[in-house]
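Each remark here refers to the structure printed beneath this line.
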There are 2 protein chains.
Amino acid sequence: MRRDSRLSRMLHVLIHMDRHYKRATSDTISKMLGTNAVVVRRTMAGLRQQGYVRSEQGHGGGWELARGLDKITLLDIYRAIGEPPLFAIGPSVDQPDCLVEQAVDAKLDDALRAAETLLLERFRSVTVAEIAADFDRRLPGHQCNAHWEHPGPPEI
Amino acid sequence: MRRDSRLSRMLHVLIHMDRHYKRATSDTISKMLGTNAVVVRRTMAGLRQQGYVRSEQGHGGGWELARGLDKITLLDIYRAIGEPPLFAIGPSVDQPDCLVEQAVDAKLDDALRAAETLLLERFRSVTVAEIAADFDRRLPGHQCNAHWEHPGPPEI
DNA sequence: GCCATCTGTAACAAGATAGGTTACGTGTAT
DNA sequence: ATACACGTAACCTATCTTGTTACAGATGGC
């Protein structure tokens with residue numbers, strides 16, 4: 001199974017939007033992520049729906065943050081992209097008739113639920129602003145790549 | 001992605017082998033799991049390699065436990081099937097150049113590693129025998145399905 | 001009004017992986 | 001010798017994320 005990278009990508013984008021661009025087009029973002037503008041629009045649609053970003057159509061349009069990064073947690077974004085499955089392992093069938101299988105799945109579910117709780121609790125406790133602060137500590141002044149080197153659209 | 005059910009299936013089989021059959025063929029096991037004999041052999045090959053089960057070829061052959069269920073943990077079986085990926089989410093690339101992406105992935109990895117540690121520690125602490133005991137509590141005398149109703153190969 | 005520039009979305013292709021199937025080789029007991 | 005059962009390669013299928021193409025709708029500048 002290919003691992004779902006939407007959460008990682010969206011966090012990446014949000015920080016760039018806050019630090020480098022106040023408004024960016026899907027095309028600009030897609031080049032930064034190494035993907036396609038349609039993928040960007042598709043994934044960010046969930047973030048727009050939950051009110052974390054805004055999008056403007058037409059000439060001069062694009063994406064912008066709708067609230068501060070300190071007001072957005074990893075859990076918020078995880079939910080905004082549709083709460084995709086966290087685990088790659090699990091039981092084979094949902095409601096097995098076999099009592100042995102039920103016992104096995106119950107035990108596995110216990111463990112998985114505990115891990116899921118820990119993970120989501122962690123997601124809830126971390127804001128995107130904290131990750132941005134980590135970035136600042138890594139190397140001030142560094143730019144992501146060439147697509148972000150130029151100053152971007154004039155802010156007037 | 002379809003969730004990997006090999007761990008669940010192998011635990012299921014081990015308990016049946018201990019409780020109902022002392023030796024079972026791949027074909028019998030496959031009917032019990034609702035799958036194919038080749039899938040059974042493919043998956044159980046790892047368990048044989050690690051010494052948890054034995055297989056005998058030829059007439060009267062099949063699979064049997066190589067040690068007691070109290071000597072096998074969930075972690076043992078997880079490793080025996082090749083330690084498949086636990087999580088369905090993760091970063092998009094392994095070694096990103098972008099420092100923002102590095103900061104994002106580091107934070108996500110922190111959370112994922114914590115959840116993985118918890119999960120594997122849980123796997124390590126649970127023996128297959130404990131799951132079998134849970135099964136006993138559910139409903140004594142229950143059989144998994146018709147394929148296991150008849151007495152099985154004569155034990156002499 | 002007209003046109004370039006954006007987003008929104010549907011539809012479809014690509015790539016990866018677990019699982020299912022067929023085929024055939026090998027070992028073993030009768 | 002033969003039937004039985006594992007070992008394994010090869011190939012297909014299903015599913016899901018991602019990538020791509022195509023086109024409709026909205027917006028601002030001329």
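The values are calculated or read from the model by the stated rules, or taken from the named source; none is laboratory data. For clarity, every value in this text was computed on a predicted model and none was experimentally measured. Glycine gets a Cβ as well: all are built from the backbone with ideal geometry, and neighbour counts include every protein chain shown. In case anyone asks, the SASA skips ligands and DNA or RNA and just uses the protein heavy atoms, side chains included. Shrake-Rupley method; radii C 1.70, N 1.55, O 1.52, S 1.80 Å.
Output the qualifying pairs, or none if there are none: Cβ atoms under 6 angstrom, residues six or more apart or on different chains, first residue in region B:5-20 and within 15 Å of B:Asp76 (Cα to Cα), second residue of a type in the set (D, E, K, R) and modelled with pLDDT under 95. Listed pairs, sorted by first residue: B:His12/A:Glu101. Every condition in (1) within 13 Å of chain B (Cβ to nearest Cβ); (2) within 12 Å of DNA strand C (Cβ to nearest atom); (3) surrounded by 18 or more Cβ atoms within 10 Å (Cβ to Cβ); (4) under 15 Å from the mean Cα position of the chain (by Cα) is met by A:Val53 except one, and the failing one is (1).
Filter region B:90-137 for residues that are surrounded by fewer than 21 Cβ atoms within 10 Å (Cβ to Cβ) and in contact with a Pro (Cβ under 9 Å, 6 or more places away or on another chain); which is farthest from the other protein chains (Cβ to nearest Cβ)? The residue in question is B:Asp109. Scanning region A:27-43 for residues that are surrounded by 15 or more Cβ atoms within 10 Å (Cβ to Cβ) and either more than 12 Å from DNA strand D (Cβ to nearest atom) or within 14 Å of chain B (Cβ to nearest Cβ) (or both) turns up A:Thr28, A:Ile29, A:Ser30, A:Lys31, A:Met32, A:Leu33, A:Thr35, A:Val39, A:Val40, A:Thr43. Among the residues of region B:57-101 satisfying the criterion of being among the acidic types (Asp, Glu) and within 13 Å of DNA strand C (Cβ to nearest atom), which is nearest to B:Ala129 (Cα to Cα)? Residue satisfying both the conditions and the ranking: B:Glu83.
Consider region B:65-89 and keep the residues that are open to solvent by 40 Å² or more (accessible area, probe 1.4 Å) and more than 11 Å from chain A (Cβ to nearest Cβ). The one that is farthest from A:Ser30 (Cα to Cα) is B:Arg67.
Is at least one residue of region B:12-35 among the hydroxyl-bearing types (Ser, Thr, Tyr) and under 11 Å from the mean Cα position of the chain (by Cα)? For region B:12-35, residues among the hydroxyl-bearing types (Ser, Thr, Tyr) and under 11 Å from the mean Cα position of the chain (by Cα): absent. Kindly indicate whether any position in region A:1-24 is away from chain B (no Cβ under 14 Å) and either surrounded by 22 or more Cβ atoms within 10 Å (Cβ to Cβ) or assigned to a helix (DSSP H, G or I) (or both). Among the residues of region A:1-24, not one is away from chain B (no Cβ under 14 Å) and either surrounded by 22 or more Cβ atoms within 10 Å (Cβ to Cβ) or assigned to a helix (DSSP H, G or I) (or both), which makes the answer no.
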